[in-house]
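No lab work stands behind these numbers, since they all come straight from the coordinates. Predicted model, so just to flag it, every value in this text is computed and none were measured. We place every Cβ from the backbone using ideal geometry, glycine too, and count neighbours over all the protein chains shown.
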Amino acid sequence: MQFNPKSKTSNIFLLAGSFIVVSLILLNTNSFFKTFKEEERLKMEIWATAQSEFLHSAEDVDLGGLHLKVFQNNTSTPMILINKDSTIRVNNIPAEKASDSIYIQKKLRQFQNENTPVSIDQQGEHLATLYYGNSEVLNKLKYYPIALLLIIFLFGAVIYFLFRTNKASEQNKLWAGMAKETAHQIGTPLSSLLGWNELLKSEHINPDITKEIAKDIARLETITERFSKIGSLPKLYESDIVMETKTAFEYLKKRSSKLIHFTFNSRIESQSVLINSSLYNWTIENLVKNGIDAMRGKGSISIDIVPDGKFVNILVADTGHGIPKSNFTSIFNPGVTSKRRGWGLGLSLVKRIIEEYHNGKIKVLSSGKEGTIMQISLKAHK
């Protein structure tokens, strides 16, 4: 993959710009919070001054409507006023809680932590102490930065998801293009091989040799067909799943080590299933080859075909080292492999062929020291 410095630079600038914007928003929010808190403090000091004049004034003196307006306008900030004679007056606190001394003491401690109490004095005489808490608006404002960060995080997660989806789509197009180009490139030498094999037949070479060459040429044609179908929706045809599975299995049996014991069993003679033969045979080959690799070229491979109601199950078993249970799902992800030189695409292709193209299911049925059993489930056609 070619490195693109422009793309990396733009991503760095985008990240830096986002960080600066978020920082400025948080700083402005913090500044606004402090300003609002100072305004509430000033309002409480005005209220305390009005209360001081009210408490110190004679009963027959008319203070006018200003003091009353100051008292009435405070409808949001909770307050507790403790007079010098220890009597308590509350404001903006639920009436049912005002007589609860434990609740009032708890609120006093809370208000002391939130704001410095205001001392109400008149001509050097201490009249009362005002304890006040944050208003409902100020309490909501405290959580604004958290809500903002959460929104930014969710927005970033959406952007990241869209980026990953777009990247995966581009990679799929790239792989599909490479596969089709590979199929095109194989076509030229394949045509040449067909000609050479016909020439060998005309020279009266041993027929067994030309037959085997013809089989391998047919095999290359099948592989070319498979690669050409990647990236496009293949057509499904009604086929006998028993015969198709056995044909793919027998081909691998003839071309594998004699140290591997092959066994094929079917509980039904035939079963019609809608499949694409070329792609289905590819899945069987991938599963068998994976089993051979897991056994390191020595052991037993078996295929069992079992009917299951409206479905038919194809079980591919090996006597390899097994798969950890925690990896039962992840082994189907692209790039996951236990081989030193593997690409981790075999089982990913198998899953895509079975589940996306054939509407079937594939899973690790069981795995342990005795080996692994992979199960393919396809819907029976009739």
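In terms of the Cα gyration tensor, with a ≥ b ≥ c the square roots of its eigenvalues, is region 203-330 rounded because a/c is under 1.5, prolate because a/b exceeds b/c, or oblate? Verdict is oblate for region 203-330. Cross-link partners for K369 among the aspartates and glutamates, with Cα-Cα distance under 17 Å and sequence neighbours closer than 8 places in the same chain left out: D293, D318. Applying 1/(1 + (r/R0)^6) with R0 = 51 Å to the Cβ-Cβ distance of F311 and I217, what FRET efficiency is obtained, to the nearest 0.05? For R0 = 51 Å, the calculated efficiency reads 0.90. Dipole size of region 283-332 about its Cα centre, with +1 on Lys/Arg Cβ and -1 on Asp/Glu Cβ: approximately 140 debye, rounded to the nearest 20.
Straight Cα distances below 14 angstrom link K258 to the aspartates and glutamates E250, with same-chain residues fewer than 8 positions distant left out.
Listed by chain and number, the aspartates and glutamates whose alpha-carbon sits under 16 Å from that of K84, ignoring those within fewer than 8 places in the same chain, are E53, D121, E125.
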